[in-house]
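Student: My questions will all concern the structure given below.
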Amino acid sequence: APRGVAIDPRSGDVYVADSGNARIVRLDADGNLLGAWGTAGDGLDEFQEPVDLLVEPDGSVLVLDATAQRLQRFTADGQFLASFGSDLTFYRPRGLGIDATGQLIVADTGGLRILRLDPNGALLSQLGGSESDIAKGQPTDAAASPGGDLYFVEAETGAVTLMAADGRMDRWAGPALASTIDGPHLAWLPGGGLAVTDPEGRRVLLFTPDGQPLGQFGAESGLAKPVGVAAAPTADSATRVAVVDSQTC
């Protein structure tokens, strides 16, 4: 039941949050196994439910654990570096992003909020919360554009929200309503725009930065429940997208 995926833009390696096996799997750009790490547990370098992950600018791999409600940092080959976030009172967070400055963005799904953290896990700001009208539909992922615009997607409404760097806010209809466990995720595309998974629609939706639909893909290739998505540029300036399907593994 994999639910998170990340691409190292330098090597092309793909990292998968293999939630059901409580481990991280590393593949090369062609899908060949390079290694795996992690076992079930609540100790350091152990996982309860790894659901999302990303590759940081220095090549470290940061993993979000929804049930342990914390973040763990590893080297590219799985050596444990740090654990943090357990003091932030997450409630089953399911999405993780990073902006151009290295700040971390956490979709705190059960907490109905989006958090910004510094690279060491200190809270910088938060958006939403139980008393707010924003993110009431349980956000399952968040991402940022290079210009600082924040995007998040909600499982229970299917809405994609843009919180622009200039203060503008916009919302538009995205994927079909889904559970938070297999909720939609999104990725900023290197050429601009968003890829948003639609788990119940068995597809990936493409949008311009301001929410205009560009197209879709995935249903024709047999996707059953696409959850995690990542994108990175290739050497010839094309865009490579990786999608993990929690139902077909």
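Student: Please give the FRET efficiency for residue 235 paired with residue 123, using the beta carbon to beta carbon distance and R0 = 25 Å, rounded to the nearest 0.05.
Tutor: Numbers: r = 38 Å, r/R0 = 1.51.
After rounding, the FRET efficiency stands at 0.10.
Student: Using the crude model of +1 on Lys and Arg Cβ and -1 on Asp and Glu Cβ, and no other charge, please compute the dipole size for the stretch 123-249 relative to its Cα centre, in debye to 20. Walk me through the numbers on the way to the answer.
Tutor: Working: 7 positive and 15 negative charges, 39 e Å.
Dipole magnitude for the stretch 123-249 comes out near 180 debye.
Student: In addition: Go through the stretch 154-160 residue by residue and turn each phi into a ³J(HN,Hα) via Karplus (6.51, -1.76, 1.60, θ = phi - 60°); whole Hz please, and just put x for glycine and proline.
Tutor: 10, 6, 8, 10, x, 7, 9
Student: In 10 Å bins starting at zero, report the fraction of Cα pairs in the stretch 105-248 per bin as a rounded %.
Tutor: Pairs per bin, as whole percents: 12, 43, 35, 9, 0.
Student: Which FRET efficiency, nearest 0.05, do residue 67 and residue 214 yield, Cβ-Cβ r, R0 25 Å? Kindly include the intermediate steps, with their values, before the conclusion.
Tutor: Working: r = 35 Å, r/R0 = 1.40.
Efficiency for this residue pair is about 0.10.
Student: Add +1 for every Lys or Arg and -1 for every Asp or Glu among the other residues with Cβ under 9 Å from the Cβ of residue 108, and state the total. Show your work: numbers first, answer last.
Tutor: Working: positive: 92, 94, 113; negative: none.
Around residue 108, the surrounding residues sum to +3.
Student: By how many nm would the segment from residue 86 to residue 30 grow when fully extended, if each residue of separation counts as 0.36 nm and the alpha-carbon distance is taken off? The partial results should precede the final answer.
Tutor: Values: separation 56, 0.36 × 56 = 20.16 nm, distance 3.56 nm.
The residue 86-residue 30 span can extend by a further 16.6 nm.
Student: I'd like the FRET efficiency for residue 58 and residue 130, computed as 1/(1 + (r/R0)^6) with the beta carbon distance as r and R0 of 35 Å, rounded to 0.05. Intermediate results must be reported in sequence, preceding the final value.
Tutor: Working: r = 35 Å, r/R0 = 1.01.
With R0 = 35 Å, the Cβ-Cβ based efficiency is 0.50.
Student: Separate question: Need the full-extension length gain, residue 171 to residue 48, defined as separation in residues times 0.36 nm minus the C-alpha distance. One decimal, nm.
Tutor: Details: separation 123, 0.36 × 123 = 44.28 nm, distance 3.31 nm.
Fully extending the segment from residue 171 to residue 48 adds 41.0 nm.
Student: Which residue fluctuates the most in the chain, going by a Gaussian network model with Cα springs under 10 Å, if the choices are 23, 171, 113?
Tutor: 171
Student: Using a Gaussian network model on the chain with a 10 Å cutoff between Cα atoms, which of 15, 91, 151 fluctuates the most?
Tutor: 91
Student: Moving on. Charges only on Cβ, +1 for Lys and Arg, -1 for Asp and Glu: so what's the dipole of the chain about the Cα centre, in debye to the nearest 20? Please list the in-between numbers first.
Tutor: On the way: 17 positive and 33 negative charges, 52 e Å.
Result for the chain is approximately 260 debye, rounded to the nearest 20.
Student: Here's another thing I want to ask about it. What number comes out for the charge environment of residue 36, summing +1 per Lys or Arg and -1 per Asp or Glu over other residues with Cβ under 11 Å away?
Tutor: Details: positive: 23, 26; negative: 18, 77.
Local net charge: 0.
Student: Let me ask you something else. Using a simple spin-label model with points 7 Å from Cα along the Cα→Cβ vector, what separation in nm is obtained for residue 40 and residue 221?
Tutor: 3.1 nm
Student: Still on this structure: Which translational diffusion coefficient, to the nearest whole µm²/s, is obtained for the stretch 180-249 from the Stokes-Einstein equation, given a Kirkwood hydrodynamic radius over C-alpha pairs, 20 °C and 1.002 mPa s?
Tutor: Details: Rh = 12.2 Å.
In µm²/s, the coefficient is 176.
Student: By average Cβ neighbour count within 10 Å, what is the ranking of 28-36, 222-230 from highest down?
Tutor: Working: 28-36: 11.0, 222-230: 22.3.
So the order, starting with the most tightly packed, is 222-230, 28-36.
Student: How large is the accessible surface per residue of the chain, computed with a 1.4 Å probe and reported in Å² as a whole number?
Tutor: Details: 10220 Å² over 249 residues.
Result: 41 Å² per residue.
Student: Which one, 211, 241, 4, projects farthest toward the positive side of the charge dipole computed for the chain from Cβ point charges (K/R +1, D/E -1)?
Tutor: Farthest towards the positive end: 211.
Student: In a Gaussian network model over the chain where Cα atoms closer than 10 Å are linked, find which of 187, 135, 238 has the largest mean-square fluctuation.
Tutor: 238
Student: Which distance in Å, rounded to a whole number, links the C-alpha centroids of the stretch 170-249 and the stretch 11-25?
Tutor: 18 Å
Student: Over the chain, how many percent of alpha carbon pairs lie in each 5 Å bin up to the one with the longest distance?
Tutor: Taking every Cα pair in the chain, the percentages come to 1, 7, 15, 20, 22, 18, 11, 4, 1, 0.
Student: Amide H neighbours of residue 49 under 5 Å, at least 5 residues apart or on other chains, H built in the peptide plane: list them.
Tutor: Placed amide hydrogens put 66, 67, 68 under 5 Å from residue 49.
The values are calculated or read from the model by the stated rules, or taken from the named source; none is laboratory data. Please read all numbers here as calculations on a predicted model, not as lab measurements. Cβ coordinates were reconstructed from backbone atoms using ideal geometry, including for glycine residues, and neighbour counts include every protein chain displayed. Please note that ligands, DNA and RNA were not included when accessible areas were found on the heavy atoms of the full protein model with its side chains. Shrake-Rupley method; radii C 1.70, N 1.55, O 1.52, S 1.80 Å.
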